[in-house]
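All of the numbers you see were taken from the coordinates with simple rules; none came from a lab. Since we're looking at a predicted model, the values are computed, not measured. FYI the Cβ positions are ideal-geometry reconstructions off the backbone, even for glycines, and counts take in every protein chain you see.
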Amino acid sequence: MSLPKTLAEDVARNLVMVARLIDEDPEEAYAYSRIALRLASRVAAVREAAGFAAYATQKYAEALAEFRAARRMTGSVDLWPVMADCERGLGRPERAMAMAGDPEVQKLDKAGQVEMRLVAAGARRDMGQIDAAIVTLQSSELASNSVQPWTPRLRYAYADALLEAGREDEAREWFGKALEADKDGSTDASDRLAELDGVEFVDVLGDDDDDAADEVAPRAEDRSDAREDEEAEDDEDDVDLDGPADGSAKA
């Protein structure tokens, strides 16, 4: 659907702000998405952006509605995994599992299929099926030494599932593999490894420094009081030397 030039520019500006803010300030991104939605609700890209903004703020029912609208407009299956994850967010993991078995999954590209596998494993965990979640994540993509955009998250999810199952040594190994692949810091694999190894991070600005700061403040106040006392003494000296304040002579 084409829009008048001025309207299209306004919509585009709001969509740019959604993309810019969605990670650092999702609530603000959501506000911009609502503006774009009011301006051009019949544009698939707007519905998709509104869906992701709602998803980022955990408004899963709203996100699912927007994703469904975008899918109807485009006929694309690309949003299938995130739609399934919205079902998880709504407390319906069984629906997410059903979507994982639908024919639409076969139409996804490799990245989409991996994403769907992650969602399915998460749904298994939601239902308390941790062993099934582990099996779901075991795949050629997980076993591959090739690093793809999805590799850190896939390895991380596998490590996290292993840890939940009580398989700590294997979990440590896979958190390490996730960290090796995670060049952009998209996961907290390093923190999880440190936690498993019993490493504690200590704030270098500890209580001792706070106590020292508290001790400095009174000394500064003492110096201020001392200066006031000195000034008072100077004023008394001035009166003695120069005579009364009204200018009269001493007797």
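The calculated FRET efficiency for Ala98 paired with Ser186, based on their beta-carbon distance and R0 = 22 Å, is about 0.15.
With both labels modelled 7 Å from their Cα along Cα-to-Cβ, the Ser146 to Leu196 distance reads 2.6 nm. Of the three principal axes defined by the Cα atoms of segment 55-108, the extents in descending order read 27, 24, 13 Å. Spin-label model, Asp131/Ala165: points 7 Å from Cα along the beta carbon direction are separated by 0.9 nm.
Using every pair of separate Cα atoms, the Kirkwood estimate puts the hydrodynamic radius of segment 36-160 at 15.1 angstrom. In order along segment 173-185, phi translates into HN-Hα couplings of 4, 7, 5, x, 5, 5, 5, 4, 8, 8, 6, 9, x Hz, rounded to whole numbers, per the Karplus curve 6.51 cos²θ - 1.76 cosθ + 1.60 with θ = phi - 60° and x for Gly and Pro. Evaluated at q = 0.12 Å⁻¹, a Debye calculation over the C-alpha positions of segment 113-205 (equal weights, vacuum) places log10 I(q)/I(0) at -0.37. The ratio of the alpha-carbon radius of gyration of segment 1-99 to the globular-protein estimate 2.2 N^0.38 Å is 1.07. Under the convention that each Lys and Arg Cβ holds +1 and each Asp and Glu Cβ holds -1, the size of the dipole of segment 6-47 around its Cα centre is about 340 debye.
Each other residue within a Cβ distance under 9 Å of Met83 adds +1 if Lys or Arg and -1 if Asp or Glu, for a net charge of 0.
Would you tally the net charge around Glu115, using a Cβ to Cβ cut-off of less than 13 Å, leaving Glu115 out, and scoring K and R as +1, D and E as -1? Combined, the nearby Lys, Arg, Asp and Glu give -1. Have a look at Leu118, Ser144, Cys86 and report the one farthest towards the positive end of the charge dipole of segment 67-158, computed about the Cα centre with Cβ charges (Lys/Arg +1, Asp/Glu -1). In segment 67-158, that residue is Cys86.
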